[in-house]
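Reading through the structure tokens given below for one structure.
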Amino acid sequence: MKLPEIIGIAGTNGAGKDALGHLLAEAKNYHLVSASDILRDELRRTGVPLERENLAALSQRWRVESNDTGILTVKAMEQYEREKESYNGLAIISLRHPEEAERIKQHGGVIVWVDADQRHRYDRLQQGNRGRSEDHASFEEFKK
């Protein structure tokens, strides 16, 4: 089966979105872009703490400034276009907005939803040490 050129990966925290994206990158030579990492890179560049609230605020600001609620997908596809000849496709992880998924579909791509048991997801986050603020939450905070 031939995979689509663009695969969007969405799902719950700790469900395995990154793992699926890395599998596509390694096994199928897909360019891997994390929508969340695009935001994190900008926060790091500007010296703003990497907290969920700041990620959401930056995402919202970019959506308003660009008048495009799919701006993170657009940025990921722009990255891919610059290096397209080196890859078989593009995997975009951490989609959060319906318009991001719609942009992928408009370009002939598909969306994959990843989920797992809540306790399993929490345990994975605690073991992963990804450097994200939600990684240090209690199970009760995580469930909220």
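The values are calculated or read from the model by the stated rules, or taken from the named source; none is laboratory data. Remember, it's a predicted structure, so these values are computed and weren't measured experimentally. Using ideal geometry, Cβ is built from the backbone for each residue, glycine included, and neighbour counts are taken over all protein chains shown. In case anyone asks, the SASA skips ligands and DNA or RNA and just uses the protein heavy atoms, side chains included. Shrake-Rupley method; radii C 1.70, N 1.55, O 1.52, S 1.80 Å.
Scanning region 73-89 for residues that are more than 12 Å from the chain's Cα centre (by Cα), closer than 19 Å to ILE9 by Cβ and either among the hydroxyl-bearing types (Ser, Thr, Tyr) or not in a helix (DSSP H, G or I) (or both) turns up TYR80, TYR87, ASN88, GLY89. Here ARG121 fulfils each of the conditions (1) charged (D, E, K, R); (2) modelled with pLDDT under 95; (3) more than 14 Å from HIS31 (Cβ to Cβ); (4) surrounded by fewer than 16 Cβ atoms within 10 Å (Cβ to Cβ) apart from (4).
Against the numbered list (1) over 30 Å from TYR122 (Cβ atoms); (2) open to solvent by 30 Å² or more (accessible area, probe 1.4 Å); (3) under 16 Å from the mean Cα position of the chain (by Cα), HIS97 comes up short only at (1). Evaluate region 103-113: report whether one residue or more is surrounded by 17 or more Cβ atoms within 10 Å (Cβ to Cβ) and part of a helix (DSSP H, G or I). Looking through region 103-113, at least one residue is surrounded by 17 or more Cβ atoms within 10 Å (Cβ to Cβ) and part of a helix (DSSP H, G or I).
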